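Throughout, read-outs are computed from the coordinates displayed, never taken from laboratory work. Remember, it's a predicted structure, so these values are computed and weren't measured experimentally. A quick note on method: Cβ atoms are made from the backbone with ideal geometry, for glycine too, and the neighbour counts reach across all protein chains shown.
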Amino acid sequence: MELSSLPKAKESIEDQYQELLIRLEAYRRELESEAEINYQEMVDYYTLWAHQIKTPIAAMKLLNQSDQINRRAMEAELFKTEQYVEMVLSYLRAGNLSSDLVLQRYFLDEIAKKAIRKYSSLFILKKIELEFHPSKVEVLTDERWAVFVVEQILSNALKYTKKGKIIVQIKGDSIIVRDTGIGISREDLPRVMEKGFTGYNGRQDRKSTGIGLYLCKKIMKKLGHLIEIESEVGKGTTVILNFGREFEVAE
């Protein structure tokens, strides 16, 4: 029975009961709408992901057909494929992040080094200089998710830096990543961490899902940390990952 066809309340208790039913129905519809939106976003992301992962697979097929296989190029395409797989798995795990946290004290140096080691071959392949400034600072965090965030920031820095260098600095309780890449426009900067937002550079590159920075923001917030981005077109981007807040896991 539709709530609009409920008989007129004769007593106060009936009126309160009908008001409760109306509120419950409104809440049900809100949950249903939210579920539909989340489902559509998931479908959109996986559709884009499926198209994107075809690119390195197709590249590897072409390289494999060549008379002289370029081993370094093959490894680069394989690395891209692994990145896409890791991203989709992290996207799934991030949906229930609270139950996946292991909180301990870690040195920021070690977190940064793990991410840097993963991308060492790409630095060499792209001939991008790496400048690393360590400092023995210990913070309370989840190592796996902290490394994932730094990896995403390094991935973006490498993607949008054609020449020059990337600087990774431990300063206070922060990991700071600076690049000399193409930068982010002033109009796009406030929205770069929104889900699905790719911005002008992402649309031009046609490789951006608009998920990486969104996940970084979500993870950092859940860990009680902060992420800030500063950028200027043509001069590069600086990402500040601050692990120094008093640790409170966000609900």
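Amide H contacts of VAL137: LEU108, ASP109, each under 5 Å away and 5 or more positions distant or on a separate chain (H built 1.01 Å from N in the peptide plane; Pro and chain starts excluded). If each residue's Cβ is checked for other Cβ atoms within 10 Å, how do GLU232, GLU151, GLU187 rank with the fewest at the top? So the ranking, lowest neighbour count to highest, is GLU187, GLU232, GLU151.
When VAL168, VAL147, VAL102 are sorted by how many other C-beta atoms sit within 10 angstrom of their C-beta, beginning with the fewest, the order is VAL102, VAL147, VAL168.
For the pair ILE69 and GLU30, a Förster radius of 45 Å applied to the C-beta separation gives a FRET efficiency near 0.25, rounded to the nearest 0.05. Diagonalising the gyration tensor over the Cα atoms of the chain and scaling each eigenvalue by 5 before taking the square root yields semi-axes of 42, 25, 17 Å, largest first. Cα centroid separation, region 133-156 to region 36-59: 27 Å.
Which values of log₁₀ I(q)/I(0), to two decimal places, follow from the Debye formula for region 75-138 at q = 0.15, 0.23 Å⁻¹ with a uniform point scatterer at every Cα? The calculated log intensity ratios at q = 0.15, 0.23 Å⁻¹ are -0.71, -1.06. Along its first, second and third principal axes, ordered by size, region 103-242 spans 40, 32, 22 Å in Cα coordinates. Charge tally around LEU189: other residues with Cβ under 12 Å, Lys/Arg +1 each, Asp/Glu -1 each, net -4. Mean separation of Cα pairs under 8 Å and 6 or more residues apart, divided by the residue count, gives region 1-111 a relative contact order of 16 percent. Secondary structure note: in region 103-242, about 80% of the DSSP beta bridges are antiparallel. Across every pair of non-identical alpha carbons in region 5-58, the mean reciprocal distance, once inverted, gives a Kirkwood radius of 14.7 Å. The listed peptides 152-162, 130-140, 113-123, 11-21, ordered by packing as a protection proxy, come out as 152-162, 113-123, 130-140, 11-21 (highest mean of other Cβ atoms within 10 Å first). Counted by Cβ distance under 12 Å from ILE240, the other residues give a net charge of -1, where Lys and Arg count +1 and Asp and Glu count -1.
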